[in-house]
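Below you'll find the structure, written out as structure tokens, and then a few comments.
Rule-based calculations on the coordinates, nothing more; no lab input. What you see is a predicted model, and the numbers here were worked out from it, not measured in a lab. FYI the Cβ positions are ideal-geometry reconstructions off the backbone, even for glycines, and counts take in every protein chain you see.
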Amino acid sequence: MNWILEKQNMLAYKRNNPTNDHDEEILQRRIKTRDVCVATRQLATLLLAGMPLVPALTALVEQLRATEKNAGKSSLAQVFQQITDRVNAGDSLADALRRYPGIFSNLFVNMVRAGQASGTLEEILIKQAEMLEKRAQLTARLKAALAYPALMIISAVGVVWFLMAFVVPGIVNIFLEMNHTLPWPTRLLIMISSFLTDYAIVIGLVFCVLIMCTAAYLKTKNGKNRWDRLKLQLPWLGELSIKVEIIRFSRTLGVMLSSGIPILEAIEIVRGIIQNSFVAESLDAVRNDIGSGHSIAHAIRQTGLFPPIMVHTIAIGEMSGNVEQQFANLADGYDEEIKLMVQSMTALIEPVILLFMGLIVGFIVLAILLPIFEINQML
């Protein structure tokens, strides 16, 4: 299979160039997806203008150097200069790009290879740039959706901790000095405040250890599989997770099929970009079913993971001969659904957190005011 041969060639290249591995890995980690999108689109523009590949790469390097000089960068220009040198030495563009797996994925390389073979490299590069941009937008949208509630929760916990550990003890000491029988909310508040004050370091250490152990477990294959399977079963997160994977699967597979890549090879490559391991494993069954002669829609239906509308849309595309366009339509449709889900989640979480904060602060205020009222009545 192509991806196995490419992996073997990459390992052979690394063995023959041991001194460059560390520097290239550091170089590749500095490259941002947004910069790769821009460079890919610029290269496509030069090729569409009729410029041959090597002069187009040379012009792109010049443009990147000028851009990165103003921005204080030098990474991507250096990478494309090395790619230009390899193409000049006789490598194909796909083989040259394959030397940088941290920047150009296996999907990107195979798409470029298909574009060179079919003579549609310019169109392929434009599709790649669009796909990378949409993928970056999806990632940014998901990060923003998670960052906002996380920030609010951290802020709420911080405020409550400050009140319980620093403000409440000073006020409570006044009540204790009066030797007055305190109401149960005040006694409960004193217990909680004393616990947080006396065991603050222990609580912090236990919390950090739990986070580290959980993160380490999720990095294991078994831990990741269990978490990925659990995510799909959760009420809101499961729906979001499957829609995100549908977008990745549909958009990528549609572009690859429209570029002339065979369906079985395309699914094998798409499997590598699916982040949920449970969904990725289900694609093995999809690939086997298609290889056995079943339709794409039938194979996807058999997994039981994907919604019926996706199955029917693909079936219609197979009957009409435009399954690539149907995959693109599915990706765009679910992209809009995720936007609405993120907006509704953000609108729902904010009042919930505010209500939670209000209840806690209200309890603290009540616990402090109750003994004051009782003392006033005694006086």
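Ordering 250, 295 from the fewest to the most neighbouring beta carbons within 10 Å gives 295, 250.
What does the net charge come to around residue 280 if you take all other residues with beta carbon closer than 14 Å to its beta carbon, with K and R at +1 and D and E at -1? Don't skip to the answer; put the middle values down first.
Numbers: positive: 221, 224, 229, 231, 248, 271, 287; negative: 228, 245, 268, 281, 284.
Combined, the nearby Lys, Arg, Asp and Glu give +2.
For the stretch 195-267, the list of GluC sites (Glu not before Pro) that fall in a loop by DSSP and count at most 13 other C-beta atoms within 10 angstrom is empty.
Dividing the radius of gyration of the alpha carbons in the chain by their Kirkwood radius gives 1.13 for Rg/Rh. For the chain, lysine pairs with C-alpha atoms less than 15 angstrom apart, excluding pairs fewer than eight positions apart on the same chain, total 8.
Using Cα-Cα distances under 8 Å and only pairs 6 or more residues apart, what relative contact order does the stretch 133-379 have, in percent? The partial results should precede the final answer.
Details: 174 pairs, mean separation 67.0, N = 247.
Computed value for the stretch 133-379: 27 percent relative contact order.
For the chain, a Gaussian network of Cα nodes joined below 10 Å ranks 349, 274, 314 by mean-square fluctuation, and the top entry is 349.
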